[in-house]
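Asks: Dumping the structure here so I can ask a few things about it.
Just so it is clear, none of the values below were taken in a lab; they were calculated from the coordinates. Quick caveat: nothing in here was measured; it's all calculated off a predicted structure. Counting neighbours? That spans all protein chains shown, and the Cβs are built from the backbone with ideal geometry, glycine included.
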């Protein structure tokens, strides 16, 4: 299980939800970490304590990864604390739901910047260090929204589709430096943010209709991230790993077709 022993990792957006799940799974497999969340986040300190309880080193750096200068500071301070940076899990979060005809341009730009552009900043800065260090692993957290055009999510869908293609392009360029670049596409994951947006009852109803009989949990995504960050995934780059419990297959099942009204 200690497939990441001796590795140094940075996880952004690790205060709660998917980012926290990734950070904990990397720690369980032996990595020491810097975790990032918004400045002043109490959630990040809670996550750090859980990581330390696993016997791993963990520091918290508050930074707004939607801004280039903050990304520069975050990467520089991470390398200073850890000595090097072997793994980046890029997990910025930005989403504002609204009908397309009423979508405010400033909200569109906010989501694109948060869910796409910030990934460019973080991966470029981390990759420059990894080139000097002889290699590394970059994992982007995307979404099935990159593939499924859910309504009310114009900006988010666009950002995640762009993130996938950006990651494949980056992977192409970084093969010569032995830097693996991959993407995880989570489906519907039970996180505090989703519970706030949809409510517990709706979440229970949707879970029962999922092909896997449940919503995903952050640990599901974390396990995939730990694998892609390990030497076991040495021959994998430019790939998109969907961790969704079959949600994209939901309306293709025979039982759904047979039981559907004529």
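Asks: Eigenvalues of the Cα gyration tensor times 5, then square-rooted: what semi-axes does that give for the range 1-43, in whole angstrom, largest first?
Replies: The answer is 20, 10, 6 Å, longest axis first.
Asks: Neighbour counts of other C-beta atoms within 10 Å: give me 235, 156 arranged from fewest to most.
Replies: Going from least to most buried by this count: 235, 156.
Asks: Give the Cα extents of the range 95-214 along the principal axes, in whole Å, largest first.
Replies: 50, 37, 22
Asks: Separate question: So what's the chain giving for Cα Rg divided by 2.2 N^0.38 Å, two decimals?
Replies: Computed over Cα atoms of the chain, the ratio equals 1.00.
Asks: Report, to one decimal in Å, the Kirkwood hydrodynamic radius for the range 71-147 based on all distinct Cα pairs.
Replies: This gives a value of 14.0 Å.
Asks: If you don't mind, another one. When a footprinting reagent is the concern and you count Cβ atoms within 10 Å, what order do 252, 98, 22 take, fewest first?
Replies: Placing the least packed residue first, the sequence is 252, 98, 22.
Asks: How many angstrom separate the Cα center of the range 22-48 from the Cα center of the range 199-215?
Replies: 28
Asks: Can you sort 236, 179 from fewest to most other Cβ atoms within 10 Å of each residue's own Cβ?
Replies: Going from sparsest to densest Cβ surroundings: 236, 179.
Asks: Does anyone have the angle between helix 200-209 and the longest principal axis of the chain? Alpha-carbon axes, 0 to 90°, nearest 10?
Replies: 80
Asks: Could you grab the relative contact order for the chain? Cα pairs under 8 Å, six or more apart, rounded to a whole percent.
Replies: RCO, the chain: 20 percent.
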